[in-house]
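Here's the structure, in structure tokens; my notes come after.
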Amino acid sequence: MGFEKFLFYVFAFITLWSSGMVVTRRNPVHAVLFLVLAFVTSAALWILLEAEFLGIVLVLVYVGAVMVLFLFVVMMLDVDMAILRANFTHYLPLGTFITVVMATEIFIVVGSENFGLVAFPAPEAVSMAVDNTRELGLSLYTIYIYPVEIASVILLVAIVAAIRLTLRQRPENKYVSPSNQVHVKRFDRVRLVKMASENSNFETPAKDTRLDDGVTK
Amino acid sequence: MQFDAANLTTILPEITILVTACLVLVVDLYLKEKNKDVNHKLSLFGLVIAVALTGVVGGGERVVFFDGNLVHDRISDLLKGSILIVSLFVFVYARSWLKDRNMLVGEFYVLGLFAVLGMLIMVSANSFLTIYLGLELQALCLYALVAFDRDSKKGAEAAMKYFVLGALGSGMLLYGISMIYGATGTIEFGQVAQAIAEKGLSNQVLVFGIVFLVIGIGFKFGAVPFHMWVPDIYEGAPTPAVLILGSAPKIAAFALAVRMLVDGLQNLHSDWHGMLLILAVLSMGLGNLVAIAQTNIKRMLAYSTISHVGFIFLGLLAGSNQGYASAMFYTIVYALMAAGAFGILLILSRKGFDVENLEDLKGLNDRDSWYAAMMAIVMFSMAGVPPTVGFMAKLLVLEAVIRIDLVWLALVAVIFSIIGAFYYLRVIKLIYFDRPMLNLPELVTTNGVRFAMTINGLALLMLGLFPTALLSLCQAAFV
């Protein structure tokens, strides 16, 4: 138990510290990288709670996919942090006051009195034969099949909405349709025009003699 | 677990809407620009079938399906039916506005139908998880619909505000749910109620959770002091989007409140009673007072929404079956009124011109006396003038409050509703006693829109004269 506890405090401290860094860093790229660190350490906390599957998924999905995309967006966008921070000191006193009051209240309620080991005794250790991932999958696709289906519809809506809001034909768009390119015929691009020669006085050059140069002489 | 296919028959309306939305999504790809009306017809067809199926599978005793995630009872039947019918009106009104602005695209119908699907899911949810997912499905569609006019800066700003505040509201709701789960160990409403009954009522964590639940409900309803987003979004969003988000989602928000507070936390009524009381008084007061100062009709209707939410809360906080039934009656009627009011705004708009200000309604009677009459009915009904249904709705809610001996509250409500009558009657004065502006083009509408608006307006009158039909349905839902 002792070593696990030690690990818990290490990871919990890193999570808190990196979360703090996320909101205080001046450089948005640094902030995103600290967020990645926060995610990784929370994944470690979940693994400590024996939720290995969720921990791994957190790293794979959030760190691997979402945060990388996020990093791209942050690098692409030219956000002027000075404007965003303009009123920071102005709102700081009120913000701090509200935060402190709320944090205290939450601490009183969510403290050890209501959520301690007395109210929530630690669950008994399960045998190694129980497969967490399997159990999770079983309950997801049996008991929670209805919510899972709803979640899938939500993802579909997210796709539709994102495409609707961003996909459009801009006049300055240089995009070329590959399908059109492939289906182009010679006749679409080259037109053979028969026309009379423009210069009627043009002297037809003497018989080209280059080829049989040395022969005629 | 054995899967029982009978589970699926209860969600046939939901399945119909889902299939229709997916069908529109695919069919839209193959439609030429001039045939986009097919989307419209398909959506209406799907909604009509869903209404019919709601009637077919409806009725019967309360049954829980899908391992406690879904419930089928009279509340869900009635609310599903009214959501679908209100949405029918919404789609009919929105068509010509979209067509004039080259926005009659499949995505509008897809997002609108998915929003309807989200509402249906919320209405019949039996666990915190399902209700939250339904809420998010509906909200996500509405965010996108508010930003639907991509070239409008105001629309983008409104969507951003809606998105951020909506996410904040959802976050509050989730935090509250996590507290309730922590205290009771379950997310199913029935089991939550059971756990509370067994463990006693004095749990600090539960009350703490309820605070956040009520804040979340307040956000979704747009009740004071969580109302800041309502006027800005009503003003900035394209009118069809406002029509969608101002009408049927109120019914879904009512379901959110009833499912969580009544199905799950009825035993803690004494705790949430006071919170709703504060929200109700503030909403009625601020909504009615600030609406007077508005010159923008969309903003005015936004503040009017806030005041109506106050009245709906009056019925809820009563905590009696009669109170819940009256709140349900009020919500359904309000959704119809909102659909009618925004429908008129859409009818009056034309290519290159949106009705934004109260002045745009001037002399409507000279331009089209039938629409003027319908708008007058809607306004009288919102003000609560007999014999329209708005009067019945207010009367029932007040009765519920008086029955729990809160006569002062009823008096406050009456006073604010008299103050509120001013700005509704001002609209009627503009319609009937002012000259229209010069050189206005003639009002052109299709027969379908005229037919729908006629039904919508006359329904408000008929329900006021013969309220028993709807009222008995509402009362039967809470027995």
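The values are calculated or read from the model by the stated rules, or taken from the named source; none is laboratory data. Being a predicted model, the structure only gives us computed values, none of them experimental. Glycine also receives a Cβ, built like all others from the backbone with ideal geometry; neighbour counts cover every protein chain displayed.
For this structure, a couple of remarks:
- A count restricted to the stretch B:87-134 and to residues that are of a type in the set (S, T, N, Q) and surrounded by fewer than 24 Cβ atoms within 10 Å (Cβ to Cβ) stands at 2.
- Selected residue (only one of B:Gly55, B:Gly68, B:Gly59, B:Gly81 is surrounded by fewer than 24 Cβ atoms within 10 Å (Cβ to Cβ), away from chain A (no Cβ under 14 Å), more than 30 Å from B:Asn447 (Cβ to Cβ) and in contact with a helix residue (DSSP H, G or I) (Cβ under 9 Å, 6 or more places away or on another chain)): B:Gly59
- Of all the residues in the stretch B:442-472, those that are under 19 Å from B:Trp370 (Cα atoms) and more than 20 Å from the chain's Cα centre (by Cα) number 12.
- Qualifying residue in the stretch B:421-439 (condition: closer than 28 Å to B:Phe313 by Cα and within 20 Å of the chain's Cα centre (by Cα)): yes
- If you check B:Leu213, B:Leu256, B:Leu261 for being more than 27 Å from B:Val105 (Cα to Cα), modelled with pLDDT of 90 or more, crowded, with 20+ Cβ neighbours inside 10 Å and touching a Lys or Arg at 6+ places or on another chain (Cβ under 9 Å), only one passes: B:Leu256.
- So B:Ala94, is it away from every other protein chain (no Cβ under 14 Å), over 20 Å from B:Asp73 (Cβ atoms) and among the small types (Gly, Ala, Ser): yes
- Restricted to the stretch B:11-69, and to residues there that are aromatic (Phe, Trp, Tyr) and part of a helix (DSSP H, G or I), the residue that is nearest to B:Phe128 (Cα to Cα) is B:Phe66.
- Of residues in the stretch B:98-110 being under 22 Å from the mean Cα position of the chain (by Cα) and within 23 Å of B:Lys351 (Cα to Cα), the one nearest to the other protein chains (Cβ to nearest Cβ): B:Glu107
- B:Ile196 meets the conditions (1) in a helix (DSSP H, G or I); (2) closer than 23 Å to A:Pro147 by Cα; (3) over 27 Å from the mean Cα position of the chain (by Cα) in every case but one. The failed one is (2).
- The set of residues in the stretch B:118-149 being assigned to a helix (DSSP H, G or I) and facing another protein chain (nearest Cβ under 7 Å) consists of B:Ile121, B:Leu129, B:Thr130, B:Leu133, B:Gly134, B:Glu136, B:Leu137, B:Leu140, B:Cys141, B:Ala144.
- Helices (runs of 4 or more DSSP H) (entirely within the stretch B:383-479) containing at least 3 residues that are surrounded by 15 or more Cβ atoms within 10 Å (Cβ to Cβ) and touching a Lys or Arg at 6+ places or on another chain (Cβ under 7 Å): none
- Residue list for the stretch B:314-338, filter: aromatic (Phe, Trp, Tyr) and more than 12 Å from B:Glu399 (Cα to Cα): B:Phe329, B:Tyr330, B:Tyr334
- Qualifying residue in the stretch A:106-121 (condition: farther than 30 Å from A:Arg134 by Cβ, more than 14 Å from every other protein chain (Cβ to nearest Cβ) and surrounded by fewer than 16 Cβ atoms within 10 Å (Cβ to Cβ)): no
- Any chance A:Glu149 is within 27 Å of B:Leu111 (Cα to Cα), charged (D, E, K, R) and assigned to a helix (DSSP H, G or I): yes
- Residue check for B:Leu245: of a type in the set (A, V, I, L, M), buried (at least 22 other Cβ atoms within 10 Å of the Cβ) and in a helix (DSSP H, G or I): yes
- Enumeration of residues in the stretch B:25-52 that are loosely packed, with under 12 Cβ neighbours inside 10 Å and within 14 Å of another protein chain (Cβ to nearest Cβ): B:Val26, B:Leu29, B:Glu33
- A:Glu172 meets the conditions (1) within 14 Å of another protein chain (Cβ to nearest Cβ); (2) farther than 23 Å from B:Asp67 by Cα; (3) among the acidic types (Asp, Glu) in every case but one. The failed one is (1).
- For the stretch A:139-167, residues that are more than 25 Å from the chain's Cα centre (by Cα) and facing chain B (nearest Cβ under 9 Å) total 5.
- Single residue of B:Asn267, B:Asn296 found to be surrounded by fewer than 21 Cβ atoms within 10 Å (Cβ to Cβ), within 21 Å of B:Ala125 (Cα to Cα) and touching a residue at least 40 places away in the same chain (Cβ under 8 Å): B:Asn267
- Any chance B:Asp360 is under 23 Å from B:Leu88 (Cβ atoms) and charged (D, E, K, R): no
- Pick from the stretch A:152-176, criterion of a type outside the set (A, V, I, L, M, F, W, C) and not in a loop (DSSP other than H, G, I, E, B), ranking: nearest to B:Asn126 (Cα to Cα): A:Ser152
- Pair list, Cβ < 8 Å and 6+ apart or interchain, from the stretch A:58-76 residues that are assigned to a helix (DSSP H, G or I) to residues that are of a type in the set (Ser, Thr, Tyr) and surrounded by 14 or more Cβ atoms within 10 Å (Cβ to Cβ): A:Leu58/A:Ser42
- Residues in the stretch A:159-191 that are surrounded by 13 or more Cβ atoms within 10 Å (Cβ to Cβ) and either touching a Leu at 6+ places or on another chain (Cβ under 6 Å) or among the hydrophobic types (A, V, I, L, M, F, W, C) (or both) were compared, and the one that is farthest from B:Thr9 (Cα to Cα) is A:Leu165.
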